[in-house]
Amino acid sequence: MSHSPLVIAIDGPAASGKGTLARQLGEHLNLPHFDTGLTYRAVAYALLQANLPLDDEELAVKTAANLDLSKLDRNILSAHEIGTAASKIAVMSRVRQILVEAQRKFAMTPPGAIMDGRDIGTVVCPDATIKFYVTASPEIRAKRRYDEIIQNGKSADYEEIFADILKRDERDMGRKDSPLRPAEDAHLLDTSKMSIENAFQKAIDLIEQAVAD
Ligand code: DC
């Protein structure tokens, strides 16, 4: 008997709690987790490291094609500024094509995967077993990002982070190719209205139901 891979799509804006939810689900279900934001971050980081501009599509395409996507270092790539740079790279269709192909391959490899990003339910894995759209108000997301930076012993300015979050939403939701939006069949989890623990429990219940169906 052959089983198609179990693919759980999780999309949402920056600092919505989707990464935490995806990691927890991965551990609970014993499924590999692919944080697709890291692939865009890796392209941006490689360009920044080489002192190259972030708005040259040819350079970004070459950089994406030469990246080893099996070696993505979250410790290096998770910085707030790299997220902003990644969002600029993410408007380029040819870069997206290269990264989406690698992401799909990962998702379709048995036993499947928890995929988190911006366009998983709409573009990367439209046939996912189940889809979630995790969101929260910009104020709450900015506060989470601020607390995270402070906890890591660095300094941060809440107003600056709030402005960055709004700009990032605008860029991610406003781009032509694969804009951030909930898939029509996605389950909405608003983490301004529930804790991450409650979101996790609700997600588990919905996954069990989807798998049983
Ligand atoms: O989830 P993140 O903050 O690591 O993502 C960084 C940027 O990468 C995000 O602002 C837009 C882009 N991105 C994307 O366009 N599509 C994805 N599937 C994941 C991330």
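The values are calculated or read from the model by the stated rules, or taken from the named source; none is laboratory data. Treat the numbers as computed from the prediction; the structure is a model and nothing was measured. Please note: Cβ atoms are built from the backbone with ideal geometry, for glycine as well, and neighbour counts cover all protein chains shown.
Descriptive notes on the structure:
- Looking across segment 153-182, just one residue is without any contact (Cβ under 8 Å) to a residue 60 or more places away in the chain, among the hydroxyl-bearing types (Ser, Thr, Tyr) and either in contact with a Ser or Thr (Cβ under 9 Å, 6 or more places away or on another chain) or part of a loop (DSSP other than H, G, I, E, B) (or both), and that is Ser155.
- Ala203 passes every criterion in (1) outside any helix (DSSP H, G or I); (2) among the small types (Gly, Ala, Ser); (3) in contact with a helix residue (DSSP H, G or I) (Cβ under 7 Å, 6 or more places away or on another chain) apart from (1).
- Whichever residue in segment 30-48 is of a type in the set (S, T, N, Q) and closer than 13 Å to Ala86 by Cα and, among such residues, is nearest to the ligand (Cβ to nearest atom): Thr36
- Summed over segment 159-213, the residues that are among the hydroxyl-bearing types (Ser, Thr, Tyr) and over 15 Å from Ala14 (Cβ atoms) give a count of 2.
- All conditions but one from (1) assigned to a helix (DSSP H, G or I); (2) at pLDDT below 95; (3) of a type in the set (D, E, K, R) apply to Lys71; the one that does not is (1).
- Against the numbered list (1) acidic (Asp, Glu); (2) within 29 Å of Gln209 (Cα to Cα); (3) in contact with a helix residue (DSSP H, G or I) (Cβ under 8 Å, 6 or more places away or on another chain), Glu139 comes up short only at (2).
- Checking the stated criteria, Leu99 turns out not to satisfy the condition of being in contact (Cβ under 8 Å) with a residue 24 or more places away in the chain, surrounded by fewer than 18 Cβ atoms within 10 Å (Cβ to Cβ) and within 15 Å of the ligand (Cβ to nearest atom).
- Qualifying residue in segment 143-157 (condition: touching a strand residue (DSSP E or B) at 6+ places or on another chain (Cβ under 7 Å) and of a type outside the set (S, T, N, Q)): no
- Any hit, segment 79-88, residues being free of Cβ contacts under 8 Å to residues at least 12 places away in the same chain, within 11 Å of the ligand (Cβ to nearest atom) and part of a loop (DSSP other than H, G, I, E, B): yes
- Pairs are defined by a Cβ separation below 6 Å, a sequence spacing of at least 6 or placement on different chains, a first member in segment 52-65 that is closer than 12 Å to Ile98 by Cβ, and a second member that is at pLDDT 95 or above and small (Gly, Ala, Ser); the pairs so defined are Thr63/Ala46.
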